1. Please state which one of 145, 103 is closer than 30 Å to residue 257 by Cβ and either surrounded by 14 or more Cβ atoms within 10 Å (Cβ to Cβ) or more than 16 Å from the chain's Cα centre (by Cα) (or both).
2. Residues of region 69-103 being more than 11 Å from the ligand (Cβ to nearest atom) and in contact with a strand residue (DSSP E or B) (Cβ under 8 Å, 6 or more places away or on another chain), which ones?
3. State yes or no: is residue 30 closer than 21 Å to residue 346 by Cα, free of Cβ contacts under 8 Å to residues at least 24 places away in the same chain and not in a loop (DSSP other than H, G, I, E, B)?
4. Check region 305-314 and report whether any residue there is within 13 Å of residue 24 (Cα to Cα) and either more than 10 Å from the ligand (Cβ to nearest atom) or in contact with a strand residue (DSSP E or B) (Cβ under 6 Å, 6 or more places away or on another chain) (or both).
5. Of the residues 272, 297, only one is surrounded by fewer than 19 Cβ atoms within 10 Å (Cβ to Cβ) and either within 12 Å of the ligand (Cβ to nearest atom) or within 28 Å of residue 135 (Cβ to Cβ) (or both); which?
6. Out of 248, 256, 239, which single residue is away from the ligand (no atom under 16 Å from the Cβ), under 26 Å from residue 170 (Cβ atoms) and outside any strand (DSSP E or B)?
7. If a residue must be within 16 Å of the ligand (Cβ to nearest atom) and more than 18 Å from the chain's Cα centre (by Cα), how many such residues does region 21-40 contain?
8. Would you check which residues across region 317-356 are part of a loop (DSSP other than H, G, I, E, B) and under 17 Å from residue 16 (Cβ atoms) and list them?
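Every number here is computed from the coordinates shown, using simple stated rules; none is lab data. The shown structure was predicted, so the numbers you read here are calculated from the model rather than taken from an experiment. Glycine also receives a Cβ, built like all others from the backbone with ideal geometry; neighbour counts cover every protein chain displayed.
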Ligand code: NAD
């Protein structure tokens, strides 16, 4: 297969980790007979330096024309004094909007060899953690109107939370499609005992479930879900939830698995094109020192293979290579425990390539 990938290396550790992810993609392409063409799309602080704006039109066009987009991270102290309309993150928000990315997908997967980094009790961790949080990204209370006014001599603040059926339906389909590629179980999380938006959420997700008779659906209240996630995370396969609940639960999900440097994410809209990135930022404190853990970005590239290119065997091969490197005891600084061999970003990439 031939695929074009827009590459946003970004700032800080971005170029280092993206370089290793591309190396792994190339090793995988050679093994499976694919051709990937990479097109550079400058974005973030480096784009402000070179073009005066965080997302030049040419970069946006490159991303919109590509089969998918791989991103390192953007931002850093050098650009903190930029006016808010021209900050590096503005580029990311503009890109998400232009690509119509309404769902964010974050896997929470614990590597058995890193179970010591799991903050949960050993017997809970031993059952394994391998689920995905699908979060609605451009609706709900974050996108409703916000106001603060004086009422009866005191300040009163209001945030509007609204959802339409089509906003719920499209993100529910992302979750059900994903479940079909996994263990075929969806948990929809809401607060339907209190909120109208949640009652509509529950009704609409149930309707969508009828299109997927092979996928099991269950509903859970958000307060119970937060508890179940630490009590027995092994029960989850795909979680789907609205923007605010997803923001909180996806951070909880990341935390229970261990290091921030290990976790990928994808943002999807209609169609198969997505934006794939690690969940961390540009880590300016370790940039240019060959200390960054590239695994989050390499696993983001694996997600791209699985979900945008329908290359499940190839994605499995990348994930298995990461597993093997960890089993063999190699660690970047952020995941180095009592034992283990410390390696830098470049060597970690090379060790993963060798195992593909
Ligand atoms: P950060 O995630 O960059 O770093 C937090 C801590 O985690 C740092 O100590 C860093 O060294 C460490 N860390 C992060 N990724 C690592 C990796 N792969 N390997 C080893 N250690 C790693 O968060 P921050 O310091 O709050 O933000 C730095 C910059 O990144 C800011 O400008 C912020 O706006 C930006 N940011 C960008 C994105 C994005 O591009 N999507 C996301 C978050 C933050």
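1. Exactly one residue qualifies, and that residue is 103.
2. Hits for region 69-103 are 69, 70, 99, 101, 102, 103.
3. Yes; evaluated as a whole, the condition is true for this residue.
4. yes
5. Selected residue: 272, the only one of 272, 297 that is surrounded by fewer than 19 Cβ atoms within 10 Å (Cβ to Cβ) and either within 12 Å of the ligand (Cβ to nearest atom) or within 28 Å of residue 135 (Cβ to Cβ) (or both).
6. 248 is the lone residue from the list that is away from the ligand (no atom under 16 Å from the Cβ), under 26 Å from residue 170 (Cβ atoms) and outside any strand (DSSP E or B).
7. Residues flagged as within 16 Å of the ligand (Cβ to nearest atom) and more than 18 Å from the chain's Cα centre (by Cα) within region 21-40 amount to 2.
8. 332, 343, 344, listed by residue number.
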